[in-house]
Amino acid sequence: MTDSQRREIERHLEDSLAALRRQALTGSDQDMYCADENEFASRLSEMRMSVTLQARISKQIRLVEEALRRLDVADFGTCDECGEDIPVQRLKVNPTTRLCVHCQQEVENAPHGAGTLDMTFGLSA
Ligand SMILES: [Zn+2]
């Protein structure tokens, strides 16, 4: 990976982090005034939604922060499983990934679905 590719990914991660933090802030600003019971009920379900969303956002923030940390050390861009280089194109689309395409597929096809570390930003480059 070249320095400029690394910087490009770093910038992209920082942008994502800023956007996620903005989202986290607006999401937590809940107005609890309710006119009646129906509204109260719908507010409650909105809040449950927002808790799920908050959990997702904070997980994504952790992933992006982690990727930014790894960007400074040598192992960024190598697969956690097999140690092969992850293609720069894949890192641009998905900078928080820790697996190459091959190992990612193995994880996704695992019987109990170990889950995915993938998070697509859709960087067009
Ligand atoms: Zn791999």
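Selection of first residues in the range 90-115 that are more than 20 Å from residue 65 (Cα to Cα) and in a helix (DSSP H, G or I) and of second residues that are within 14 Å of the ligand (Cβ to nearest atom) and at pLDDT 90 or above, restricted to Cβ pairs under 6 Å at least 6 apart or on distinct chains, gives the following pairs, ordered by first then second residue: 103/79; 103/81; 103/82. If the condition is being within 16 Å of the ligand (Cβ to nearest atom) and either over 17 Å from the mean Cα position of the chain (by Cα) or aliphatic (A, V, I, L, M) (or both), then the range 54-78 contributes 75, 78.
Checking each residue in the range 31-46 for being at pLDDT below 80 and either assigned to a helix (DSSP H, G or I) or surrounded by fewer than 10 Cβ atoms within 10 Å (Cβ to Cβ) (or both) picks out 31, 32, 33, 35. Report yes if some residue within the range 48-61 is modelled with pLDDT under 80 and part of a helix (DSSP H, G or I); otherwise report no. There is at least one residue in the range 48-61 that is modelled with pLDDT under 80 and part of a helix (DSSP H, G or I).
Would the range 95-110 turn up any residue that is among the aliphatic types (A, V, I, L, M), under 19 Å from residue 6 (Cβ atoms) and more than 8 Å from the ligand (Cβ to nearest atom)? No: the range 95-110 contains no residue that is among the aliphatic types (A, V, I, L, M), under 19 Å from residue 6 (Cβ atoms) and more than 8 Å from the ligand (Cβ to nearest atom).
The values are calculated or read from the model by the stated rules, or taken from the named source; none is laboratory data. Treat the numbers as computed from the prediction; the structure is a model and nothing was measured. Cβ: placed from backbone, ideal geometry, glycine included. Neighbour counts: every protein chain shown.
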